[in-house]
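The values are calculated or read from the model by the stated rules, or taken from the named source; none is laboratory data. Computed from a predicted structure; not experimentally measured. Here the Cβ positions follow ideal geometry from the backbone for every residue, glycine too, while neighbour counts run over all protein chains shown. These accessible areas exclude ligands, DNA and RNA; they are computed on the full protein's heavy atoms, side chains included. Shrake-Rupley method; radii C 1.70, N 1.55, O 1.52, S 1.80 Å.
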Amino acid sequence: MAALSKSIPHNCYEIGHTWHPSCGVSFVQITGGALEESLKIYAPLYLIAAILRKRKLDYYLHKLLPEILQSASFLTANGALYMAFFCILRRILGKFYSWSPGFGAALPASYVAILIERKSRRGLLTIYMANLATETLFRMGVARGTITTLRNGEVLLFCITAAMYMFFFRCKDGLKGFTFSALRFIVGKEEIPTHSYSPEAAYAKVEQKTEKHEQKPRRMNVIALIRKLVDSVCKHGPRHRCCKHYEDNCISYCIKGFIRMFSVGYLIQCCLRIPSAFRHLFTQPSRLFSLFYNKENFQLGAFLGSFVSIYKGTSCFLRWVRNLDDELHAIIAGFLAGVSMMFYKSTTISMYLASKLVETMYFKGIEAGKVPYFPHADTIIYSISTAICFQAAVMEVQTLRPSYWKFLLRLTKGKNQAERNLHLKCCWFTWQKEEDSRRLHSSNWMPMPANNTH
């Protein structure tokens, strides 16, 4: 790619809004399309979130619609202001530079847009865009040959991230909020070192359950026999005194964790495929079977199930070996459990969790007084990250994450994307040809005669 300081001698109609020559009309069209798509995105998202959080009627009457409109306005402003600054920079500078159509126009547009969004959502948006920008920069480096890819690098990154997350999870006041709740749901509260109940109370609860089961006569059907078999396996087996899974031995504790999270991962992947499956329900009924018998369903289930079972198994093994329960066990167990990503490799998941880990450590540093606090850091990071992604979308679209590129196309309604790409490539190649010709004529370059070897 050419140097960023060189100019591109074409107007914004030839490179940007190729569907209409007027800058004002193009701005209005982009605004309308972006607003429509924003409402389609945020209306069902906020409604489903409100239902899952069991919001009261007052929220639906007074807060739901304003929150939808505020988030939709943020996304609309991000797309519309980009087009506005795209044309404004062209008029101010007189020409395009290779940094101005993407980074230069997106930086002020995204900064103004994020100020419209609610403060409670700015952090999540910043983490997402920072993650996306980091991945884009990495792909740019790989394309230029400055960065060499590491085989299974996303798995190694996930192993390191999981080790740190599980260590903070085991430490007192290490994690808070949604992250702590999510990890407690995944690995179980037995792996938390501090509990509200003592071992004696836990044993008392187990004995009470046993007495209740013995008092109630049950029919010896198949389900009862299976339950009896599972109970016998769980009760009669090795369990270290430091382990807090009082109702199970260590082996059944790991097996139950695998089955539970495998089922969760399988059901999550099935739910994600329901909209596409029902879309072809009448035209291709056979695709309905792929909803249940799909490779990705089992891959996600194997990933989550093996993560939990490896973590729990390693933790129990270290308790047996060292004869104590230590928070440092979580680092080893979390790192080994991260190998489970071999079943479901995802650069997106690894990068996102790593970004959240950096954010967590940064705020811990602020609480400890070892790291300075930067006001409005989320808006600045979001603006720079979005500008990097837009620069890639304009000049190096192959380095952008495909899902985000499709999202940008939806937001702008396509707008003759094939014609725009053709215009941009033609303009770019023409500019490069003019630069090469100018460089050739400015130097005293002469072709060397061919060597006559005969």
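Below, the figures for the structure above:
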read-out	value
Area of PHE103 that stays accessible when all protein chains are in place (1.4 Å probe, Å², to 10)	70
Contour minus Cα-Cα distance for LEU61 and LEU324 (0.36 nm per residue)	89.3 nm
Contour excess over end-to-end distance, with Cα ends at LYS413 and LEU272 and 0.36 nm allotted per residue	48.3 nm
Set LYS172/LYS345; LYS176/LYS356; LYS40/LYS176; LYS119/LYS370; LYS56/LYS176 screened for pairs whose C-alpha atoms are more than 21 Å apart	LYS172/LYS345; LYS40/LYS176; LYS119/LYS370; LYS56/LYS176
Highest to lowest packing among 156-162, 133-139, 396-402, scored as the average C-beta count within 10 Å	156-162, 133-139, 396-402
Whole-percent carbon and sulfur share, accessible surface of the stretch 52-152, 1.4 Å	63
In Å², nearest 10: area of VAL339 left accessible to a 1.4 Å probe	70
ILE88-PHE374 pseudo-label distance in nm [points 7 Å out on the Cα-to-Cβ vector]	2.4
Cα gyration tensor shape for the stretch 1-156, rounded if a/c is under 1.5, else prolate or oblate	oblate
Accessible area of MET351 in the full protein assembly, 1.4 Å probe (Å², nearest 10)	30
Other-chain or far-sequence residues with amide H under 5 Å of PHE96's (modelled H)	ILE8, HIS10
DSSP-assigned coil residues among trypsin sites (Lys or Arg not before Pro) in the stretch 21-112, each with at most 16 further Cβ atoms within 10 Å	ARG53, LYS54, ARG55, LYS56, LYS63, LYS95
Protein-only accessible surface order, largest first, of TYR111, TYR362, TYR46 at 1.4 Å	TYR111, TYR362, TYR46
